Amino acid sequence: MIDTMTSVTSNGLKAFAKISAFVMLGMTVLGLSGCGSSTPTVEERLQASEEIYQIGVNAYLWQASLETLAFMPLAQADSADGVIITEWTDNPKVANERVKATVYIIDGQLRADALKVNVFRQIKQDDGWRDIPPRAGADIKLAQAILEQARILHRNNAPTAK
């Protein structure tokens, strides 16, 4: 009698295991059927590569700004707000002159109007430092250098067409 019950119980467990495995396989297949149902287009992948990631601004503009301003010590760099402020840096070509820059990244897209650059300049006089206007086009040249570096970063990291 005990052998018969053991046989019935053993056969029941085997049947239950087979049914459970079949049900789990079916659930997995059904669950995965919705995954990857549409492959993103090249344009969608490029758009995604330009948008905001874990920082609050465009990652390419942020990285390009940091790389372009690497010769100047940073006073503040806030990726959430997209603000980079440098310390005053002496001009090696002109004694008694120093410059400072601020960069504002104001959009999540890689576009020229997503970037605002200000350059400040001072000269040293007997009584201390005095503000003077920056050299003509200094802010535009710095913005262009940042944008060019951002385009290079984007080009090197953009997904390729499949």
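Evaluate the following for Ala95: is it farther than 18 Å from Ala145 by Cβ and in contact with a Gly (Cβ under 6 Å, 6 or more places away or on another chain)? Explain how you work it out, then say what you get.
Details: farther than 18 Å from Ala145 by Cβ: yes; in contact with a Gly (Cβ under 6 Å, 6 or more places away or on another chain): no.
The answer is no for Ala95.
When we screen Ala145, Ala101, Ala138, Ala95 for residues that are over 15 Å from the mean Cα position of the chain (by Cα), under 17 Å from Asn58 (Cα atoms) and of a type outside the set (D, E, K, R), the only hit is Ala145.
Just so you know, all these numbers are worked out from the coordinates, no wet-lab data involved. Because the structure is a prediction, the values reported are computed rather than measured. Every residue, glycine among them, receives a Cβ derived from its backbone with ideal geometry; neighbour counts consider all protein chains shown.
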